[in-house]
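Note sheet for the following structure.
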Amino acid sequence: MSPRRTDAGGRIDRLRTIRFTFDGAPYTGHAGDTLASALLANGITLFGRSFKYHRPRGVLTSGVEEPNALVTVLRGEVREPNIAATMVEIYDGLTAVSQNRFPSLSWDVSAANQLGGKLLSAGFYYKTFMGPAIGPLKGTRFWMFCEHFIRRAAGLGRAGTAADTARYERMNAFCDVLVVGSGPAGLMAARAAADQGARVILSELEPHFGGSANWSGETIDGMPGADWAARAAGQLEGYDNVRLLPRTTVWGYYDGNVLAALERVTDHKERPGKGEPRHRYWTIRAKSVVLATGSFERPLVFPGNDRPGVMLAHAAERYANEYGVLPGHRIALFTNNDSAYRSALALKKAGAAIIVIVDVRPELSGEMRELADEAEVKILSGHAVVATEGGKALSGIKVQRFDMINGALAGDPRSIQADCLLMSGGWSPTIHLASQAGAKAEWNAARQAFLPPKPTQQWIGAGAFTGSFSTAEAIAEGRAAGLSAAGGTAAPTALPVVEAAPGDPDPAPVFEIKADGKSFVDFQHDVTAEDVRLAHREGFISVEHLKRYTTLGMATDQGKSSNIPGLATMAEALGKPIPEVGTTRFRPPFSAVSIGSLAAERFGDLRPERLTPMHDWHVANGATMYSAGLWYRPMIYGHPGETIEQAYVREARATRESAGIVDVSTLGKIAVQGPDAAEFLDRVYTNMFSTLAVGKARYGLMLREDGLAFDDGTTWRLGEQDFLMTTTTANAGKVMQHLEYFLDVIWPVLKVHVTSVTDEWAGAAIGGPRAREILAACVTGTAVDNATLPFMGIVRGKISGVPVMICRLSFSGEMAFEVYSGAGYGTHVWEALIEAGKPFGLVTYGLEALGTMRIEKGHVTGAEIDGRTTARDLHLDWMLSKKKPFIGSAMMDREGLIAPGRLELVGLISLDNQPLNGGAHIVEALDEADPHDSIGHITACCYSPALGKYIALALVKDGKARRGTRAHISDPLRNRFGPVEIVSNHFFDPNGSRMHG
Amino acid sequence: MLITCPYCGPRDVIEFTYQGDGNRERPQPASQDLDAWNAYVYDRLNPAGDHNEIWQHSGGCRAHLRVVRNTLTHDISSVAFARGDHKAAARHKAEGKS
């Protein structure tokens, strides 16, 4: 029997035992336990070490707001840090470990930090990492060396390095009414809206619907609240127009009533069911939202309030009533309001001894005294807890007489033995989503809390969220909100009857007990009340500055428990009322969201892939595929035992010696058609296209509006009003958008239609001295001789019975042809070309050989057209027509774009016969250790079989003028430093005699 | 945010691509007025309130739309085809094109 498990009660399944480990030690719990409740049942009260001081910490809460009990959950190699133990449902094989401790949780060397607490006060990092402004250590490496260790000592969990193998998915949903939160208010709202016929989504961040009804011990309609909630949820399940989302946190409220939610589908399972994602990211567009998100209980601020064993009162009540776990055997309570009395009674009924209720208020109602009598507990009214005793676990408290008007302590402190102290500092409505939706929270002096603002979007609040803390009010407001959200009118039926303990919802305005010792405001970031006052003394008076300077409320819990106590402390220091200090605005997410869920299908094996028509052939014929954007292209067709370099050198050499063929289906292809198509192309390209004859192609260059180079490619004139434009693979989408923009927005009168036809055509480029012979051997219906098919000419014919379009153009520098066929016939035509090429030594080549031959020719690609280079920089100024304006023509001659010192395209030849590295810098100095400034960088490199040398293209400052000179490449990260000669980018066959044939 | 495309009806903003400030005036293509070009290429209005913007329904019909959006509230008060812009038609005529 677990030391702290009650004999009966709770919603756990006592017949099912679950085995798990924490810090390597095996434990058991029951189905329905959280990691926190199961460890508490095993007598574990020490859960972690704090952020800065490494103080021992226990569990403070029972829910999503937990600041202390953060653990790392391990699944295989994957580790997920900073998970609240209160939110982890245990399953067989769960492996959790504690955080921020070394070497172990109970014996942590960095705990010495708390002795030097004054050093680690507010603004510590700002003050420290500025380093000394004067003296011998000013700006030294020593200081940066220290920073490393200081930063390591502080922190929470450690992120994993293994790839996350889980699957995530996205879902869009639409509804009339989204109900957030399923306490009595949410359940009533969902039911009322559903009865009106509205499409309803009810979300609940916990595994079970019912919220506080599951643990409040109240009776609703004559049955225990938990039973009432289970029945209500069960009834909702039967509605066709209701979708129930348990384990789903609505974390963002955006414009247009769009809400974001995270559903934890399988975190509570040993392994996911078939097809189940780990998390599901919901985007919910709701006509109307009912916010029934409840409220958070606040801690009180007093010395030692962070010791393991100190817990929020309602959390203990919940552990007892919902999980059948007592957080202690001798329990004391410390409160400023009535709600703790109900907690005392619940724990008493569950079997704990309640030692004392310390209440800051001098006068208490008769009702509270009756509750205390029923719990057989003594009340110390007008008293406060001034210290806690014990080491890693609470052994007792010190109390003293307290005057809540002036905060003064009087009399001698006295010790009371207790192994658990429950505190209640009042309640704060969970207004996060309303605040995100855009409105400012309003301070309510009676409730001592910020209440939700007037709605700025389509939402209605209900229950504790509005500051109505009783279950009867929640039920009434919930139903009214549900009706109103669904556009219905008040129902005449009676509301469920609630039997609950009495209590005044208004707390005494006491937040802090000032006494010696560390009093924590923000438990997770180790911010004390004294830190807040220090920040004030140092001049931080805006609440936004206070937050950033002290890091109050900036931890993973986002200040759910610390915001109001922090504000109250600041307000007191400023001598202003709380509403004048204001509160920071809540922003999404409400609680932590997995990055995986945000990426969902757009990542990994679910990312869409684009395959060319000949893809399967490439794979079947030994190609190593290379991902380029969404496309997959052959990199090399390697032979057994070949390196990548050996393969591409062989492919390129064979192409230049006989012939090679490459799949170019990925090139962007846009049909530009209409009476004004030629005029449009004249405006879009820097060179003329209206003068292009039908049946001919021309190489074109586009600039952006700002005069920088944008994209290049050939455009074929298929008819008077019919052009086929090709773009680079990477820019196909951008160019399409560019053309559409100009046609739609700038020149709507031009009669031109553009259509993306990239996927309609399969393309094969075949080049080399014998390419023409190969075509002649397989093309029917047209001649392919020089007269019929001159350079940049286009013919139509057939290959193996399939119509093809052939254009004679060259990227490799060889006599070359691009053969286009309908995409469905791509492989058929490809295979026919391969077959026809066999007697001529035709090889297939991939991207590497393609790149090698283009580098040898000095052609540019996206590596050189990088958004910073002009046509002149790339020696393409011969393409800039002077006869007409074109996009970019007005801006391309701006001072900065024609000034000396620009990076210009050059070729580099390695002089030490070693490979050159892509991205390496070019330097003038000869000293490897002190290479001085970069004068440029390498954009592409290869071994050139045509030259027998390692060569590269590079962008070099005033590169044209440096041709014939020497420099060095410097690549210290890869330990490469070596001499190069700067030459023209046209390494090979500069006159083009080979391609013109 | 929902944009009501005149072709496709109300669609989520995720289907659209923002294409910039709709107030920019492109100078005559042959203009050498660098200040005017500079203003067109680089200057953007940034009003707190109603803003005239160009959006493309890139995940739908691909039409460019002229959208008046309030930058403070994201309320959209009008959506029209950018092609229907008479200023652009007039400018084109002024250039002496058919």
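Inter-chain Cβ neighbour count for A:452-465, averaged per residue, equals 0 (cutoff 10 Å, partner chain atoms only). Among A:GLU720, A:GLU370, sorting on how many other beta-carbon atoms sit within 10 Å of each Cβ, with the fewest leading, yields A:GLU720, A:GLU370. Measuring nothing but alpha carbons in chain A and taking Rh as the Kirkwood radius, the Rg to Rh ratio lands at 1.09. If you take all other residues with their beta carbon under 9 Å from the beta carbon of A:SER561, and give Lys and Arg +1 and Asp and Glu -1, the sum is -3. For the segment A:746-752, counting C-beta atoms of other chains within 10 Å of every residue's C-beta and taking the mean gives 6. Using +1 at the C-beta of Lys and Arg and -1 at the C-beta of Asp and Glu, which of A:THR727, A:VAL745, A:PHE710 has the Cα lying farthest in the positive direction of the dipole of segment A:674-758? Result: A:THR727, furthest along the dipole toward the positive end. Counting Cβ atoms of other protein chains within 10 Å of each residue's Cβ and taking the mean over peptide A:252-262 gives 2.
Placing a pseudo-label 7 Å from each Cα along the Cα-to-Cβ vector at A:ILE405 and A:THR28 gives an inter-label distance of 5.9 nm.
With 0.36 nm allotted per residue and the present C-alpha distance subtracted, the A:GLN914-A:HIS639 stretch has 96.6 nm of extension available. The amide H of A:ILE44, built 1.01 Å from its N in the peptide plane, has no neighbour under 5 Å, considering only residues 5 or more places off or on other chains.
Treat segment A:900-996 as a sphere of radius equal to its Kirkwood radius over Cα pairs and apply Stokes-Einstein at 10 °C in a medium of 1.306 mPa s; give the translational diffusion coefficient in µm²/s, rounded to a whole number.
118 µm²/s
If I take every Cα pair under 8 Å that is 6 or more residues apart in chain A, average their sequence separation and divide by the length, what percent do I get for the relative contact order?
Details: 2367 pairs, mean separation 87.0, N = 997.
Relative contact order, chain A: 9 percent.
The distance linking segment B:25-49 with segment A:865-942 is 29 Å (Cα centroid to Cα centroid, whole angstrom).
In percent, rounded to a whole number, the relative contact order of chain B is 25, using alpha-carbon pairs under 8 Å and six or more apart.
In deg cm²/dmol, rounded to 500, what helix-only [θ] at 222 nm does chain A give when every DSSP H run of at least 4 residues adds -39500 (n - 2.57) and the total is split over its residues?
Numbers: 24 runs with 218 residues, N = 997.
Calculated from helices alone, the mean residue ellipticity at 222 nm is -6000 deg cm²/dmol.
Measuring r between the beta carbons of A:LYS960 and A:GLU77 and using R0 = 41 Å, the FRET efficiency lands at 0.20.
Note on segment A:498-562 and segment A:167-230: Cα centroid distance 31 Å, given to the nearest whole angstrom. Here the label points at A:ALA628 and A:ASP722, each 7 Å from Cα along the C-beta direction, are separated by 2.8 nm in the simple model. Picking from A:ALA286, A:GLY674, A:CYS420, whose Cα lies most toward the positive end of the charge dipole for chain A (charges on Cβ: Lys, Arg +1; Asp, Glu -1)? Selected residue: A:GLY674. With K and R counted +1 and D and E -1, the other residues having a Cβ less than 14 Å from that of A:LEU409 yield a net charge of 0.
Please arrange A:SER944, A:SER934, A:SER484 by counting, for each residue, the other beta carbons lying within 10 Å of its beta carbon, fewest first. Please report the intermediate quantities before stating the final value.
Numbers: A:SER944 23, A:SER934 14, A:SER484 20.
So the residues, fewest neighbours to most, are A:SER934, A:SER484, A:SER944.
I need the fraction of alpha carbon pairs in segment A:591-638 separated by more than 12 Å, rounded to a whole percent. Above the 12 Å cut-off, segment A:591-638 has 68 percent of its Cα pairs. Neighbour counts of C-beta atoms inside 10 Å place A:TRP443, A:TRP830 in the sequence A:TRP443, A:TRP830, starting with the fewest.
Peptides A:684-691, A:202-209, A:576-583, ordered by how many other C-beta atoms sit within 10 Å of their residues on average, highest first, read A:202-209, A:684-691, A:576-583.
In this structure, A:ALA899 and A:GLU835 have a Cβ-Cβ separation that, at R0 = 51 Å, corresponds to a calculated FRET efficiency of about 0.40.
Multiply the residue separation of A:THR780 and A:ASP759 by 0.36 nm, subtract the distance between their alpha-carbon atoms, and state the gained length in nm to one decimal. Write out the running numbers ahead of the final one.
Working: separation 21, 0.36 × 21 = 7.56 nm, distance 2.50 nm.
Length gained between A:THR780 and A:ASP759: 5.1 nm.
Separation between the A:GLN417 and A:HIS329 pseudo-spin-labels, each 7 Å from Cα along Cα→Cβ, expressed in nm? Placing both labels 7 Å along Cα→Cβ, they lie 1.0 nm apart.
Coordinate range of the alpha-carbon atoms in segment A:173-280 per principal axis, descending: 41, 37, 24 Å.
This model, with +1 at the C-beta of Lys and Arg and -1 at the C-beta of Asp and Glu, gives segment A:764-831 a dipole about its Cα centre of some 120 debye.
This model, with +1 at the C-beta of Lys and Arg and -1 at the C-beta of Asp and Glu, gives the protein assembly as shown a dipole about its Cα centre of some 1180 debye. Think of chain A as a dipole: +1 on every Lys or Arg Cβ, -1 on every Asp or Glu Cβ, centred on the Cα centre; then among A:MET736, A:TRP459, A:GLY238, A:MET736 lies furthest on the positive end. From the square roots a ≥ b ≥ c of the eigenvalues of the alpha-carbon gyration tensor of segment A:231-275, which class results: rounded (a/c under 1.5), prolate (a/b over b/c), or oblate? Oblate.
Please compute the Kirkwood hydrodynamic radius over segment B:1-76, one decimal place, Å, based on all pairs of different Cα atoms. Intermediate values should be presented prior to the final figure.
Details: mean 1/r = 0.0736 Å⁻¹.
Averaging 1/r across every pair of different Cα atoms and inverting gives 13.6 Å.
Extension gain, A:ASP877 to A:ASP92: 0.36 nm times the residue separation minus the Cα-Cα distance gives 275.6 nm.
FYI, it's all coordinate maths here, none of it is from the lab. For clarity, every value in this text was computed on a predicted model and none was experimentally measured. We place every Cβ from the backbone using ideal geometry, glycine too, and count neighbours over all the protein chains shown.
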